[in-house]
Amino acid sequence: MPDWDQLREDFPVTRRYTYLANAAITPIPMPVYNEVSKYYYDILNHGRTLWEEWEAKMEQTRDLFVKFIGAYNKEEIAFTHSTSEGMNIIAHMLSDKGIVISNELSIFQSALAQ
């Protein structure tokens, strides 16, 4: 059973809010914030010179996702900036194959964006 109190500590927003809006801008956990901060610190102070190290971390993360979701291999895993971006990439890739069907929430979000 997860330690819910510890999990909540990873999300400082939960100290003030019960946060249910997880669409375009969702709170990130502290471990993610810490790694992203390290990445930007390295870019700020070292430019591209540490890129190979960050690329290796990205590939390790891709390997973890393969195990987590039960994918066949890491070529099935793509990183995008957001779920919306990922869904748009897939829709464009499949657009010449026929009609792309999505859930109502995606349609609703698309309608709001117009």
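Working from Cα pairs under 8 Å separated by at least six residues, relative contact order for the chain is 12 percent. Counting only lysines at least 8 places from Lys97 when in the same chain, those with an alpha carbon closer than 27 Å to its own are Lys74. Per residue of the chain, the DSSP helices (runs of n ≥ 4 H) give a summed -39500 (n - 2.57) that works out to -17500 deg cm²/dmol at 222 nm. A straight Cα-to-Cα reach below 19 Å connects Lys67 with the lysines Lys57, residues fewer than 8 places away in its own chain not being considered. So, with +1 on the Cβ of K and R and -1 on the Cβ of D and E, and no other charges, what is the size of the charge dipole of the chain about its Cα centre, to the nearest 20 debye? Charge dipole, the chain, about its Cα centre: 260 debye, nearest 20.
Stokes-Einstein diffusion for the chain, with the hydrodynamic radius set to the Kirkwood value over Cα pairs and evaluated at 37 °C in a medium of 0.692 mPa s, equals 187 µm²/s.
We did not get these values from a lab; they are worked out from the coordinates using the rules stated. Keep in mind it's a predicted model, so treat the numbers as computed, not measured. All Cβ positions, even for glycine, are placed from backbone atoms using ideal geometry, and neighbour counts span all protein chains on display.
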